[in-house]
Amino acid sequence: MTSDPTTDQPDLTQARPPELPAGDSDNLTEGSGLDFGQLSEYLHFSPKDGRIWLDGQRMVLMHNSSLGSLRRELIERLGIERARGLLTRSGYSSGVRDAQLVRERWPDADPEAIFFAGTQLHSLEGVVQVETIHFEFDPHQGTYDGEFLWHHSSEDDEHIAAYGIGTEPACWMQLGYAMGYVTTLLGRLTVFREVECRAMGHATCRVIGRTVELWGDVDEDLRYLNAEDFVSHSNTGSGSLPTAAPLPMANTELPVLGERQLIGISSAFIAACHMLRRVASTRATVLFTGESGVGKELFARMLHEIGSRKDEPFIAINCAAIPETLIESELFGVDKGAFTGATTSRPGRFERAHGGTLFLDEIGTLSPSSQGKLLRVLQEGVLERVGGTSLISVDVRVVAATNVELRDAVAKGEFREDLFFRLNVFPILLPPLRERRDDIPLLLSHFLEHYNQRHERSVRGFTLKAMRALLNYRFPGNIRELQNLVERGVIAAEDESLIDLSHLFRDEETTRALLFTISSDGELSQDSEESALEQFRRFAPANAVGPSLDKLEARLVSEAVAQSDGNLSAAARLLGLTRSRLAYRMKKINESNQDV
């Protein structure tokens, strides 16, 4: 078993009782939210090692005035608009984390109680006291409409101290938190607006939150979620183009909605976007790396769109999709008579991309011969067509992508080292979807709206059970797989209904793995049609008359740790346990195995 040293936590079983009671979903009455006692039970101080935990998530206790100093410096150095965006995105990420905590700790709770739990957590964390004025949540329609008063806003205290009373609201992180929390639980983009604020001279802050279709135009609200102006979250179906318009395909009009938008708010995604912005205005060769399905061509197209060559051609070729015997003619062109059937001269992709950008996807599949000719073009800016004798000058910005480790290919002699260094001028690693789970709710909302429009459907959203499964799923096919799942769900679900698990997954084993969880009262959850005993028996030892509790627990723990790549915090979240409780159970299992 391995662990992730950057995210894993120390064994806290000695600092905290290992068998704390699980959250009691029976106490989550409609409209009441979680009891502070239940929530504070998962707040753990570990002063000996200098850490604080809220369930499996590390927290920090610091002076609000220090946050105020940071806020002021961001405003002074970045400007109020960029500072507001950064703080809004930070709050959104915090809301996502708390939504995951509540959903995993109380999976059987009443849906409305789960939404109210966010207000309690916000208060527990010392950010603001929330008073509910009005709240409506329709789980069948996938809509949310609420109005709240925010008392004692920590952000307002510091903003007023620094800048006094102004004309704009100042609870930026809190708005981001509310959007992240509700969007994650609902699976539909939900926007909060601060219509009154203490920083504007009001007695208290008044906030309204609604799903985007209830608002209409939300472009102004959502622009603060965009780390760069080419990132988009606008997906209301209102008929207006988002702030960052969808990318154009060659010789086609801009669609109002489309698949080709960069959408995300996770730190890994934002880092990639900042790198894209930095290199876009240069002539440097860019190499995109990452797993299949992470959106390398989409990033390459955006690089072209925001660069100085945006008015020139963007030509793409998948090197793996062209037979080896034809790849050179596709890249460099063919002169008449070069081979049988070459009755006319034909320019290759390099010539067609002259003045613009050439995107070479799956560059690692090129043959040694093609690699050598490509290197010459990159170094000298000239090429020869297949069968030709004259040199042709080309001015092309080359952007390459690969889902294999080219350094390993170089070490094996499968890829030229000099070509690798020529391509690797400015590498950008695109993260897999499992490392940017904060983006999943936004992507789900975007693809839902897109495929509703494409297939003329009116599916409302996702059930809480489906959202939980999608947020736990590892997505080996990355964004491409998520996109396909949503399209399948839109087609399979009835109009005006919600997408459930049965509409998304067809693989029985995958579905079982996602559904088989431990409920908050310590029993097997009833998310599938199997009875608890039938689910139990799937984990029974061979030839056993009945199930074995010890074997079940050992297998659940083993599979959760394996699925989380050894990260005990993530494994604990999958099992609905705290990290310390999981460590305690693993210790008992190991001791039991040693006794045997």
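Before moving on, here are some points about what is shown:
- Exclusive hit being out of contact with any Lys or Arg (no Cβ under 9 Å at 6 or more places or on another chain) and not basic (Lys, Arg), set 427, 441: 427
- The single condition from (1) touching a Gly at 6+ places or on another chain (Cβ under 6 Å); (2) closer than 24 Å to residue 296 by Cβ that residue 427 fails is (1).
- Top-ranked residue in region 132-184 [being among the aliphatic types (A, V, I, L, M) and part of a loop (DSSP other than H, G, I, E, B); ranked as farthest from residue 466 (Cα to Cα)]: 165
- One residue stands out in region 343-377 among those that are over 38 Å from the mean Cα position of the chain (by Cα) and either among the polar types (S, T, N, Q) or not assigned by TED's automatic domain parsing to the domain that holds residue 291 (or both): the one that is modelled with the lowest pLDDT, namely 343.
- Scanning region 261-306 for residues that are among the hydroxyl-bearing types (Ser, Thr, Tyr), within 13 Å of the chain's Cα centre (by Cα) and under 19 Å from residue 477 (Cα atoms) yields a single hit, 266.
- Single match in 436, 376, 397 (criterion: basic (Lys, Arg) and farther than 30 Å from residue 266 by Cβ): 376
- Odd one out for residue 310 among (1) basic (Lys, Arg); (2) within 25 Å of the chain's Cα centre (by Cα); (3) surrounded by fewer than 17 Cβ atoms within 10 Å (Cβ to Cβ): (2)
- Scanning region 239-249 turns up no residue that is modelled with pLDDT of 75 or more and within 19 Å of the chain's Cα centre (by Cα).
- Selection status of residue 325, surrounded by 15 or more Cβ atoms within 10 Å (Cβ to Cβ), closer than 28 Å to residue 291 by Cα, among the polar types (S, T, N, Q) and assigned by TED's automatic domain parsing to the domain that holds residue 290: no
- Residue count for region 555-572, restricted to those that are of a type in the set (Asp, Glu) and either farther than 19 Å from residue 475 by Cα or within 19 Å of the chain's Cα centre (by Cα) (or both): 1.
- Every residue from region 401-428 that is basic (Lys, Arg) and within 12 Å of residue 368 (Cβ to Cβ): 416
- Some residue of region 476-484 being on the phi < 0 side of the Ramachandran plot and free of Cβ contacts under 8 Å to residues at least 24 places away in the same chain: yes
- Each residue in region 438-463 was checked for being part of a helix (DSSP H, G or I) and surrounded by fewer than 18 Cβ atoms within 10 Å (Cβ to Cβ), and 2 of them qualify.
- Listed by position, the helices (runs of 4 or more DSSP H) inside region 524-596 whose residues that are at pLDDT below 80, outside the structural domain of residue 55 (by TED's automatic domain parsing) and farther than 27 Å from residue 435 by Cβ number at least 3 are 532-537, 549-563, 579-595.
- Check on residue 131, more than 26 Å from residue 212 (Cα to Cα), acidic (Asp, Glu), at pLDDT 90 or above and in the same structural domain as residue 197 (by TED's automatic domain parsing): no
- Consider region 361-370 and keep the residues that are touching an Asp or Glu at 6+ places or on another chain (Cβ under 9 Å) and assigned to a helix (DSSP H, G or I). The one that is nearest to residue 348 (Cα to Cα) is 370.
- All positions within region 192-238 that are closer than 15 Å to residue 461 by Cβ and at pLDDT 85 or above: 210, 211, 212, 214
- Matching residues in region 479-496 - criterion: being at pLDDT 90 or above and either assigned to a loop (DSSP other than H, G, I, E, B) or touching an Asp or Glu at 6+ places or on another chain (Cβ under 6 Å) (or both): 493, 494, 495
- Restricting region 127-153 to residues that are among the small types (Gly, Ala, Ser) and under 28 Å from the mean Cα position of the chain (by Cα), the residue that is nearest to residue 202 (Cα to Cα) is 146.
- Residue satisfying all of: in region 316-342; outside any loop (DSSP other than H, G, I, E, B) and of a type outside the set (A, V, I, L, M); modelled with the lowest pLDDT among these: 325
- Output for region 378-391, where each listed residue is modelled with pLDDT under 90 and either part of a strand (DSSP E or B) or closer than 20 Å to residue 303 by Cα (or both): 383, 386
- Residue in region 406-423 that is over 17 Å from residue 285 (Cβ atoms) and surrounded by 19 or more Cβ atoms within 10 Å (Cβ to Cβ) present: no
Here is a yes/no grid of residues against (1) at pLDDT below 90; (2) hydrophobic (A, V, I, L, M, F, W, C):
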residue: 71; (1), (2): no, no
residue: 75; (1), (2): no, yes
residue: 94; (1), (2): no, no
residue: 100; (1), (2): yes, no
residue: 107; (1), (2): yes, no
residue: 113; (1), (2): yes, yes
residue: 117; (1), (2): yes, yes
residue: 122; (1), (2): yes, no
residue: 158; (1), (2): no, no
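The values are calculated or read from the model by the stated rules, or taken from the named source; none is laboratory data. This is a predicted model, so every value here is computed, not measured. Counting neighbours? That spans all protein chains shown, and the Cβs are built from the backbone with ideal geometry, glycine included.
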